[in-house]
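Student: The structure follows.
The values are calculated or read from the model by the stated rules, or taken from the named source; none is laboratory data. Remember, predicted model here, so these are calculated numbers, not experimental data. Positions of Cβ are generated from backbone atoms using ideal geometry, with glycine treated the same way; all protein chains shown enter the neighbour counts.
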Amino acid sequence: MGTLLFLAGVFAIGFAWIAEHDWGMAPCALCLLERWPYRCLIGLGLLVILLPRKWSRFCLALSFLTLLASLGLSILHMGVEWGWWVSPFPECHTSNIGGSDLMARFANMPDRPNKPCDVPNYLFSWLPLSLTTLNGIFSLGLLAMMVVSYSMANKRHRKILR
């Protein structure tokens, strides 16, 4: 399970990097925040592989919570994209670059351009699912795999005890 968590985290971060740098998809503040659970999964997956069984179970529990957080962030971002609610982060809103003269406008500009969080990035024009939605599906799939794996391990453990 640790290898799966590690590879899933590397895949998600690598995919986001390719989408941003090779395909030119600008991330918003929520997109950048959604990458953190996968960074944590990489570390937790390595710990599950390297630590003794007692501690690896604790890391598996933390990875389950991490995937729940990832799913929650995806749902938050999907709600913002679909217009159900406004993003709680000020970085997601367009900048106020007004001013009376040109120097005041330059002073109010952000350090780097930001993308509003309610503008989705689509991987393909024929696929009506944004990258945020695909991230939520990926997190949900990983959670389902963890639950199935855990229940199968418990069944095997109960058979051994009989």
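Student: In the stretch 25-52, how many residues are under 20 Å from Leu76 (Cα atoms) and of a type in the set (Gly, Ala, Ser)?
Tutor: Total meeting the criteria: 2.
Student: Those residues that are of a type in the set (Asp, Glu) and in contact (Cβ under 8 Å) with a residue 24 or more places away in the chain, I need them from the stretch 1-46; list them, please. It would help to see each step written out before you state the result.
Tutor: Residues of the stretch 1-46 of a type in the set (Asp, Glu): 20, 22, 34.
Glu34, the sole residue that qualifies.
Student: Identify the single condition in (1) loosely packed, with under 13 Cβ neighbours inside 10 Å; (2) without any contact (Cβ under 8 Å) to a residue 24 or more places away in the chain; (3) not hydroxyl-bearing (Ser, Thr, Tyr) that Gly79 does not satisfy, given that it satisfies every other one.
Tutor: Every listed condition holds for Gly79 apart from (1).
Student: Output the number of the condition that Pro52 fails; it satisfies all remaining conditions of (1) loosely packed, with under 13 Cβ neighbours inside 10 Å; (2) under 25 Å from Phe15 (Cα atoms); (3) modelled with pLDDT of 85 or more; (4) of a type outside the set (A, V, I, L, M, F, W, C).
Tutor: Condition not satisfied by Pro52: (2).
Student: So the check is Cβ under 7 Å with 6+ separation or different chains; which pairs have a first residue in the stretch 47-62 that's in contact (Cβ under 8 Å) with a residue 60 or more places away in the chain and a second one that's surrounded by 16 or more Cβ atoms within 10 Å (Cβ to Cβ)?
Tutor: Sorted first by the residue in the stretch 47-62, then by its partner, the pairs are Leu60/Met1; Leu60/Val48.
Student: Kindly indicate whether Arg57 is charged (D, E, K, R), assigned to a helix (DSSP H, G or I) and within 13 Å of the chain's Cα centre (by Cα). Write out each step before concluding.
Tutor: Values: charged (D, E, K, R): yes; assigned to a helix (DSSP H, G or I): yes; within 13 Å of the chain's Cα centre (by Cα): no.
It is false that Arg57 is charged (D, E, K, R), assigned to a helix (DSSP H, G or I) and within 13 Å of the chain's Cα centre (by Cα).
Student: Of the conditions (1) modelled with pLDDT of 65 or more; (2) more than 17 Å from the chain's Cα centre (by Cα), Arg112 fails just one. Which one is it?
Tutor: (1) is the only condition that Arg112 fails.
Student: Here is a further query. Tell me, which residue of the stretch 18-30 that is exposed (fewer than 12 other Cβ atoms within 10 Å of the Cβ) and not in a loop (DSSP other than H, G, I, E, B) is modelled with the highest pLDDT?
Tutor: Initially, the stretch 18-30 is screened for residues exposed (fewer than 12 other Cβ atoms within 10 Å of the Cβ), giving 18, 21-24.
Checking which are not in a loop (DSSP other than H, G, I, E, B) leaves us with 18, 21.
On the way: Ile18: 94, His21: 90.
Filtering the stretch 18-30 for residues that are exposed (fewer than 12 other Cβ atoms within 10 Å of the Cβ) and not in a loop (DSSP other than H, G, I, E, B), the one modelled with the highest pLDDT comes out as Ile18.
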